[in-house]
Amino acid sequence: MTPTKPVPSFSQLNFLVTPRSGRDEVVGLVIRADGSPEVRVRVTAPPDKGRANKAVCNLVAKQLRIGKTRVSVASGETSRHKRLDIQVDAEALQGWLEGLQVLEGR
């Protein structure tokens, strides 16, 4: 019998990104009209050659305390609205989302 490690679950989450900001930060959480959560983030990197995408993935990985390779852009590579694939335990992701400030409006 071989020992096994629990495999992190695979989640997708919506993000609204503001590139060329003054600092890298997670601003908060907005509930969209369809009821899905959207995390607002700001990054200092410009939206050039994937730099902002990489900065967003690195910021999310740092916030969730997971490896950088566990976060990737699933869709929206050239848009401010992105969907990220995140390999993390569902409980850890839920706890992180619950800790975010809920923002009003869109």
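With the charge dipole of the chain set up from +1 on Lys and Arg Cβ and -1 on Asp and Glu Cβ about the Cα centre, the Cα lying farthest toward the positive end among the listed residues Q12, A55, G95 is that of A55. In the set (i) 21; (ii) 40; (iii) 53, which value of percent of Cα pairs over 24 Å apart was calculated from the structure you see? Computing percent of Cα pairs over 24 Å apart and matching it to (i) 21; (ii) 40; (iii) 53 gives (i). Take the Cβ atoms of T44 and E91, set R0 to 25 Å, and the FRET efficiency comes out at 0.25.
Only bridges whose two residues both fall in the chain count here: according to DSSP, what percent of them are antiparallel, nearest 5? If we restrict to bridges inside the chain, about 75 percent are antiparallel.
Counted by Cβ distance under 13 Å from K54, the other residues give a net charge of +2, where Lys and Arg count +1 and Asp and Glu count -1. Value of Rg to Rh for region 47-106, rounded to two decimals, is 0.98; Kirkwood radius and Rg both from alpha-carbon coordinates.
Values quoted throughout were computed directly from the atomic coordinates according to the rules given, and no laboratory measurement underlies them. Quick caveat: nothing in here was measured; it's all calculated off a predicted structure. Cβ atoms come from the backbone with ideal geometry, glycine included; neighbour counts cover every protein chain shown.
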